[in-house]
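Student: I have a structure I would like to understand better, so I am pasting it below and will then ask my questions one at a time.
The values are calculated or read from the model by the stated rules, or taken from the named source; none is laboratory data. Since the structure is predicted, the reported quantities are computational estimates derived from the model, not experimental observations. Neighbour counts are summed over all protein chains in view; Cβ atoms, including those assigned to glycine, are modelled from backbone coordinates with ideal geometry. Please note that ligands, DNA and RNA were not included when accessible areas were found on the heavy atoms of the full protein model with its side chains. Shrake-Rupley method; radii C 1.70, N 1.55, O 1.52, S 1.80 Å.
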Amino acid sequence: MFESLQDRLGSILNGLTGRGALSEKDVSAALREVRRALLEADVALEVVRDFTDKVREKAVGAEVLKSIKPGQMVVKIVHDELVAMLGEEGVAIDLNAPAPVVVMMVGLQGSGKTTTTGKIAARLSARDKKKVLMASLDTRRPAAQEQLRQLGEQTGIDTLPIVAGQSPTQIAERSVQAAKLGGHDVVILDTAGRTHIDEPLMVEMADIKAKSSPHEILLVADALTGQDAVNLARNFDERVGITGLVLTRMDGDGRGGAALSMRAVTGKPIKLIGTGEKMDALEEFHPRRIADRILGMGDIVSLVEKAAETIDAEKAQVMADRMKAGKFDLNDLADQLRQMQKMGGMSGFMGLMPGMGKMKDQIAAAGLDDTVFRRQLAIISSMTKKERANPDILKHSRKKRIAAGSGTNAAEINRLLKMHRQMADVMKAMGGKGKKAGMLGKMMGGLAGGMGGMGGMPDPKQLEALKKQADAAGLGKPGGLPDLGGGPALPGLGGPKLPGGLPGLPKKK
Amino acid sequence: MAISAGVTPPEAPAPEPSPDEQPRPTWFRRLRQGLSRTSAQLTDQISGIFTRRKLDEDTLQDLEDVLIQSDLGVETALRITDTLAAGRYGKDISPDEVQDIMASEIEKVLEPVALPLELDLTHKPHVILVVGVNGTGKTTTIGKLAAKLADGGLKVMLAAGDTFRAAAIEQLKIWGERTNSPVVSSKLGADAAGLAFDAFEKAREAGTDVLIIDTAGRLQNKAELMDELEKIVRVLGKQDPEAPHTVLQTLDATTGQNALNQVEIFRNVAGVNGLVMTKLDGTARGGILVAISAKHKLPIYFIGVGESVDDLEPFEAGDFANAIAGRAPAET
């Protein structure tokens, strides 16, 4: 539902071809879109204002790098500034205090405190080999204490025995004592959800803090929170002085602007993020990824991770070698189709690529969906080994047999063969020229294969190279790309170019 | 017979507060209390914007910002400021006037969806399925709703369909005790659709008027969890082709633009036909409700304004619009 910022800036700033320094006018035009993108991502207005002011300061007069459009330069500055604001590095939970280290969880109702308590306890116990005690101080919500007890049972973490009628402060005192006696390294206090303007409850929270002197006070907040994020973060911080943030429901499809808002108004680090319902779905916070998500720029990191997971690196390497040698038969094509399928098909793949939003739509409009892959795979599966290795022998009677076997028709087979022939030609043309393995080779085989080999992700240089290859491989010219879908020749690919240089991508770590 | 639950006067066994002194403006006063800080700030902002100015681009921009801060979203905020500007652009305008117009524009959107929950009691039981994202207040809303219906003299049964989250079943059971409603439950990890099916049978045998089914919270982008929800709806349809008769979705007032997505998908999958906005006792204004109403036109039956059993109030478009526009309530 969201247009990516890059798409937007693209349409606004395509006209601007000015080189040299960024003018005030360029920046203002771009920042209007940045502002809107941030607001749609639920970044709080006051934070957006601060942020765009900062970016304006940096951007006006900034040198535009060669081969980059002004809008893209702005995006890069925006991205870098976002990362800086979110905190360059992840910060872990600090346990550097005399045992038992007290960790106190606070937050609004329904933000996920109890679940997060269980997750953190499980993580500290499994990763850091800490002996953890969990205690629920939530005497308000029905069965809240029971919930934590059950979580403790599920994860094998000790929980403080429930004593009916005790007040939250009494429970806090008792849990610290129990942790001392029980030899626990860490005690996590799960407090009741409270609205930050509920005065008696805020007083109670301060009392709990006084009684248990926690080393960490973590504000648990929903990543889907809207504009109110600033108010709640500020209030909780003012009242108890939080030491960090935990964002839950990061596995939702929200853009997570609340992360920026809360980080900006409290200055406190985001220590962990909740990414699922299971007890191990708790991850470190990566500012760059969130920055990309807020900007709607795709997530190149997860793309690479996904590719690394699904693509057999060795196999890809073999294929890349074959391509370099100019060999590309139907077995290779089938492999590539399968890999595309595994990576979530065309749309999944494109969705993860920054700046490809537009292309994705056009591909969808051309009817090139994943059923095409399936049918094409069926055709190849219906061939003999000999036919796959040497498609030239496919004449009328063989095609008839294959059509019957795969439930397709001769026309579809012809289209597939044509596509293969064109791809093979491209491979041949691009192959044998050292690094230039060709767009498709790079993207489908080389990308993950090369990644696997290098153990990293593509850095911007590589991506730029990739883009140049795309141009070179004829993606820029209509009809240059093999007619993948048959019928209408991918209209999108001939039109707008890939964003040059893909600025603002995470740099190689 | 159709009874309107929202209007049903609360009587008899409510735990603490005496039901007699529950006049209509209560929730709004509470809402105002919650909103007081930010509303005051908002009113200042609006006055600041308009004391010396004409209605021009900058002013409209500032006004748009005010709306955005209530989570209306950029698009909805723009639409409202556009309407505001139409015919008034370049003219002098007082802060009061601006607030009036703003409130009335918002009210126009909300008025058609501010409806009381209608129960069709020819269905025995009338099934209310409660769905929503994790932590939006499903179980608490069910507790409050059960109390309302039971107070209205209806026979209510609850079904603990959240078989995933630890102690969700216990939580609902406590609400069952508080409201004297029987609770049908199985154990953690059980099939929720099967439980819903059984619960319907039990409710029919017991001559229950209303069966309220709780479900596990789920993010709308989790396909397998949404499939599970669809199955619950499908299975209920086998018992009564029209069941579930009411599908209530709870929305957290603090949620931002994602709430729009939530409604869109839950509506497609589970056939949501009514909304409840919870946690309006904080500083969040729940302005996303305006965008949701403009787009989906789903009735908003209740708002949740606190943790106790009577903190579920009918939704009043005018009051809500006033709160967003930062305008003092019209004292009645």
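Student: Being aliphatic (A, V, I, L, M) and farther than 15 Å from A:Asn331 by Cα narrows it down to one residue among A:Ala389, A:Ala404; which is it? Full working, then the answer.
Tutor: Details: A:Ala389 fails: farther than 15 Å from A:Asn331 by Cα.
After applying the criteria, what remains is A:Ala404.
Student: Okay, next question. Give A:Pro161, A:Pro168 a once-over and let me know the one that is within 16 Å of A:Met105 (Cβ to Cβ), modelled with pLDDT of 95 or more and out of contact with any Pro (no Cβ under 8 Å at 6 or more places or on another chain).
Tutor: One residue alone meets the criteria, A:Pro168.
Student: If you don't mind, there's one more thing I want to ask. Taking the stretch A:389-410 only, how many residues are without any contact (Cβ under 8 Å) to a residue 60 or more places away in the chain and not in a loop (DSSP other than H, G, I, E, B)?
Tutor: Step one: list which residues in the stretch A:389-410 are without any contact (Cβ under 8 Å) to a residue 60 or more places away in the chain, which gives A:392-410.
Imposing the further condition that a residue be not in a loop (DSSP other than H, G, I, E, B) reduces the set to A:392-393, A:396-406, A:410.
Of the residues in the stretch A:389-410, 14 are without any contact (Cβ under 8 Å) to a residue 60 or more places away in the chain and not in a loop (DSSP other than H, G, I, E, B).
Student: May I pose another question? Among the candidates A:Ile242, A:Ile188, which residue alone is away from every other protein chain (no Cβ under 14 Å), in contact (Cβ under 8 Å) with a residue 40 or more places away in the chain and under 29 Å from the mean Cα position of the chain (by Cα)?
Tutor: Working: A:Ile188 fails: under 29 Å from the mean Cα position of the chain (by Cα).
Going through A:Ile242, A:Ile188 in turn, just one is away from every other protein chain (no Cβ under 14 Å), in contact (Cβ under 8 Å) with a residue 40 or more places away in the chain and under 29 Å from the mean Cα position of the chain (by Cα): A:Ile242.
Student: Kindly indicate whether any position in the stretch B:313-330 is within 14 Å of chain A (Cβ to nearest Cβ), open to solvent by less than 10 Å² (accessible area, probe 1.4 Å) and under 12 Å from the mean Cα position of the chain (by Cα).
Tutor: No, the stretch B:313-330 has no match at all.
Student: For the stretch A:14-104, which helices (runs of 4 or more DSSP H) that fit wholly inside it have 2 or more residues that are within 14 Å of chain B (Cβ to nearest Cβ) and modelled with pLDDT under 90?
Tutor: Working: elements: A:24-40, A:45-59, A:70-86.
Ranges flagged: A:24-40.
Student: For the stretch A:206-225, does any single residue satisfy the condition of being without any contact (Cβ under 8 Å) to a residue 40 or more places away in the chain and part of a loop (DSSP other than H, G, I, E, B)?
Tutor: Within the stretch A:206-225, the subset without any contact (Cβ under 8 Å) to a residue 40 or more places away in the chain is A:206-207, A:210.
With the extra rule that they be part of a loop (DSSP other than H, G, I, E, B), the set shrinks to none.
No: the stretch A:206-225 contains no residue that is without any contact (Cβ under 8 Å) to a residue 40 or more places away in the chain and part of a loop (DSSP other than H, G, I, E, B).
Student: If I go through the stretch A:195-228 residue by residue, how many of them are facing another protein chain (nearest Cβ under 8 Å) and in contact with a strand residue (DSSP E or B) (Cβ under 7 Å, 6 or more places away or on another chain)?
Tutor: Number of matching residues: 4.
Student: Of all residues in the stretch B:229-240, count the ones that are among the acidic types (Asp, Glu) and touching a residue at least 60 places away in the same chain (Cβ under 8 Å). Please lay out each step first, then the result.
Tutor: Kept after step one, since they are among the acidic types (Asp, Glu), are these residues of the stretch B:229-240: B:230, B:240.
Okay, now just the ones that are also touching a residue at least 60 places away in the same chain (Cβ under 8 Å), so B:240.
The total comes to 1.
Student: Okay, moving on. Mind listing whichever residues of the stretch B:283-332 are within 18 Å of B:Ser104 (Cβ to Cβ), assigned to a loop (DSSP other than H, G, I, E, B) and at pLDDT 90 or above?
Tutor: Answer for the stretch B:283-332, where residues must be within 18 Å of B:Ser104 (Cβ to Cβ), assigned to a loop (DSSP other than H, G, I, E, B) and at pLDDT 90 or above: B:Gly287, B:Phe315, B:Glu316.
Student: A further question on this structure: Collect the residues in the stretch B:267-293 that are within 13 Å of chain A (Cβ to nearest Cβ) and at positive phi, keeping them in residue-number order. Can you show your working first?
Tutor: Step one: of the stretch B:267-293, the residues within 13 Å of chain A (Cβ to nearest Cβ) are B:277-292.
Residues satisfying the conditions are B:Lys279, B:Gly286.
Student: Now, a different point. Right, A:Leu201: outside any strand (DSSP E or B) and over 25 Å from A:Ala92 (Cβ atoms) or not? Outline the logic, then answer.
Tutor: Values: outside any strand (DSSP E or B): yes; over 25 Å from A:Ala92 (Cβ atoms): yes.
So A:Leu201 passes the test.
Student: Next question, about the same structure. Give the residues of the stretch B:229-261 that are assigned to a helix (DSSP H, G or I), surrounded by fewer than 23 Cβ atoms within 10 Å (Cβ to Cβ) and either within 12 Å of chain A (Cβ to nearest Cβ) or not hydrophobic (A, V, I, L, M, F, W, C) (or both), sorted by residue number.
Tutor: Within the stretch B:229-261, B:Glu230, B:Lys231, B:Arg234, B:Gly237, B:Lys238, B:Gln239, B:Leu260, B:Asn261 qualify.
Student: Looking at the structure I just gave you, is B:Ala167 free of Cβ contacts under 8 Å to residues at least 40 places away in the same chain, of a type in the set (Gly, Ala, Ser) and in the same structural domain as B:Ala199 (by TED's automatic domain parsing)?
Tutor: Values: free of Cβ contacts under 8 Å to residues at least 40 places away in the same chain: yes; of a type in the set (Gly, Ala, Ser): yes; in the same structural domain as B:Ala199 (by TED's automatic domain parsing): yes.
Against the criterion (free of Cβ contacts under 8 Å to residues at least 40 places away in the same chain, of a type in the set (Gly, Ala, Ser) and in the same structural domain as B:Ala199 (by TED's automatic domain parsing)), B:Ala167 qualifies.
Student: Kindly indicate which of A:Ala172, A:Ala179, A:Ala135, A:Ala164 is farther than 30 Å from B:Arg178 by Cα and either part of a strand (DSSP E or B) or not aromatic (Phe, Trp, Tyr) (or both).
Tutor: On the way: A:Ala172 fails: farther than 30 Å from B:Arg178 by Cα; A:Ala135 fails: farther than 30 Å from B:Arg178 by Cα; A:Ala164 fails: farther than 30 Å from B:Arg178 by Cα.
The match here is A:Ala179.
Student: So, in the stretch B:136-166, exactly how many residues are open to solvent by less than 30 Å² (accessible area, probe 1.4 Å), within 14 Å of another protein chain (Cβ to nearest Cβ) and under 20 Å from the mean Cα position of the chain (by Cα)?
Tutor: 12
Student: Just name the residue that is nearest to A:Leu95 (Cα to Cα) out of those in the stretch A:122-177 that are open to solvent by less than 60 Å² (accessible area, probe 1.4 Å) and among the acidic types (Asp, Glu).
Tutor: Ranking the qualifying residues of the stretch A:122-177, first place goes to A:Asp138.
Student: Does at least one position in the stretch B:221-228 carry a residue that is within 11 Å of chain A (Cβ to nearest Cβ), in contact (Cβ under 8 Å) with a residue 40 or more places away in the chain and under 22 Å from the mean Cα position of the chain (by Cα)?
Tutor: yes
Student: Still on this model: So B:Glu264 fits all but one of (1) away from every other protein chain (no Cβ under 13 Å); (2) open to solvent by 10 Å² or more (accessible area, probe 1.4 Å); (3) not polar (S, T, N, Q); what number is the exception?
Tutor: (1)
Student: Please give the number of the condition B:Trp175 fails out of (1) open to solvent by less than 40 Å² (accessible area, probe 1.4 Å); (2) touching a Gly at 6+ places or on another chain (Cβ under 9 Å); (3) touching a residue at least 40 places away in the same chain (Cβ under 8 Å).
Tutor: Condition not satisfied by B:Trp175: (3).
Student: Which ones in the stretch B:204-228 are outside any loop (DSSP other than H, G, I, E, B) and either buried (at least 23 other Cβ atoms within 10 Å of the Cβ) or not charged (D, E, K, R) (or both)? Reasoning before the result, please.
Tutor: Here is the first cut: in the stretch B:204-228, the residues outside any loop (DSSP other than H, G, I, E, B) are B:204-205, B:210-214, B:223-228.
Of everything in the stretch B:204-228, those that are outside any loop (DSSP other than H, G, I, E, B) and either buried (at least 23 other Cβ atoms within 10 Å of the Cβ) or not charged (D, E, K, R) (or both) turn out to be B:Val210, B:Leu211, B:Ile212, B:Ile213, B:Asp214, B:Ala223, B:Leu225, B:Met226.
Student: Kindly provide the set of residues from the stretch B:53-101 that are in a loop (DSSP other than H, G, I, E, B), within 14 Å of another protein chain (Cβ to nearest Cβ) and not polar (S, T, N, Q), ordered by number. Please lay out each step first, then the result.
Tutor: Going residue by residue through the stretch B:53-101, those that are in a loop (DSSP other than H, G, I, E, B) are B:53, B:55-56, B:69-73, B:86-91, B:93-94.
Right, trim to within 14 Å of another protein chain (Cβ to nearest Cβ) and you get B:69-73.
Residues satisfying the conditions are B:Asp71, B:Leu72, B:Gly73.
Student: Another question about this same structure. Based on this model, can you work out whether B:Leu117 counts as more than 14 Å from chain A (Cβ to nearest Cβ) and within 24 Å of the chain's Cα centre (by Cα)?
Tutor: On the way: more than 14 Å from chain A (Cβ to nearest Cβ): yes; within 24 Å of the chain's Cα centre (by Cα): yes.
Against the criterion (more than 14 Å from chain A (Cβ to nearest Cβ) and within 24 Å of the chain's Cα centre (by Cα)), B:Leu117 qualifies.
Student: Next question. So which pairs qualify, if the first residue must be in the stretch A:252-264 and facing chain B (nearest Cβ under 9 Å) and assigned to a helix (DSSP H, G or I), the second must be open to solvent by less than 10 Å² (accessible area, probe 1.4 Å) and modelled with pLDDT under 90, the Cβ gap must be under 7 Å, and the two must be at least 6 apart or on different chains?
Tutor: Close Cβ pairs satisfying both conditions: A:Gly257/A:Leu38; A:Gly257/A:Ala41; A:Gly257/A:Ile294.
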